[in-house]
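The values are calculated or read from the model by the stated rules, or taken from the named source; none is laboratory data. Since this is a predicted model, take the numbers as computed values, not measurements. Virtual Cβ from ideal backbone geometry, glycine too; neighbours counted across all protein chains shown. Ligands, DNA and RNA are stripped out before the accessible areas are found, and what is left, the full protein with its side chains, is counted by its heavy atoms. Shrake-Rupley method; radii C 1.70, N 1.55, O 1.52, S 1.80 Å.
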Amino acid sequence: MNLLLLAAPNDTNGNPRRCFVLFNENGIAVNAWDEGYAGCAALPKHLQKMPRPVIQVTATEYKRWLAVAR
């Protein structure tokens, strides 16, 4: 399993647009969590210590990943 943090620019109100996406060993997105203001607490406890590289994405990509992986 691999975990990525996808970071898009903040929205017009300054709210963060970041989400964690979990991929299985075949590279398929199996779940996603919107980070919001919770940070890593948005993740289930067993995933909070996993390394998670940050990938910069557009707002559109961020929304697509959340929709696909949920």
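Could you run through segment 40-68 and say how many residues are aromatic (Phe, Trp, Tyr) and either open to solvent by less than 80 Å² (accessible area, probe 1.4 Å) or over 13 Å from the mean Cα position of the chain (by Cα) (or both)?
Narrowing segment 40-68 to residues aromatic (Phe, Trp, Tyr): 62, 65.
Those left that are additionally either open to solvent by less than 80 Å² (accessible area, probe 1.4 Å) or over 13 Å from the mean Cα position of the chain (by Cα) (or both): 62.
Residues in segment 40-68 being aromatic (Phe, Trp, Tyr) and either open to solvent by less than 80 Å² (accessible area, probe 1.4 Å) or over 13 Å from the mean Cα position of the chain (by Cα) (or both): 1 in total.
Keeping to segment 28-42, report how many residues are in contact (Cβ under 8 Å) with a residue 24 or more places away in the chain and farther than 20 Å from residue 9 by Cβ. Number satisfying all stated conditions: 3.
Of all residues in segment 18-39, those satisfying the criterion of being out of contact with any Lys or Arg (no Cβ under 7 Å at 6 or more places or on another chain), open to solvent by less than 50 Å² (accessible area, probe 1.4 Å) and part of a strand (DSSP E or B) are 19, 21, 22, 23, 29, 33. Every test in (1) touching a helix residue (DSSP H, G or I) at 6+ places or on another chain (Cβ under 7 Å); (2) open to solvent by less than 70 Å² (accessible area, probe 1.4 Å) is passed by residue 9 save one, and that test is (2).
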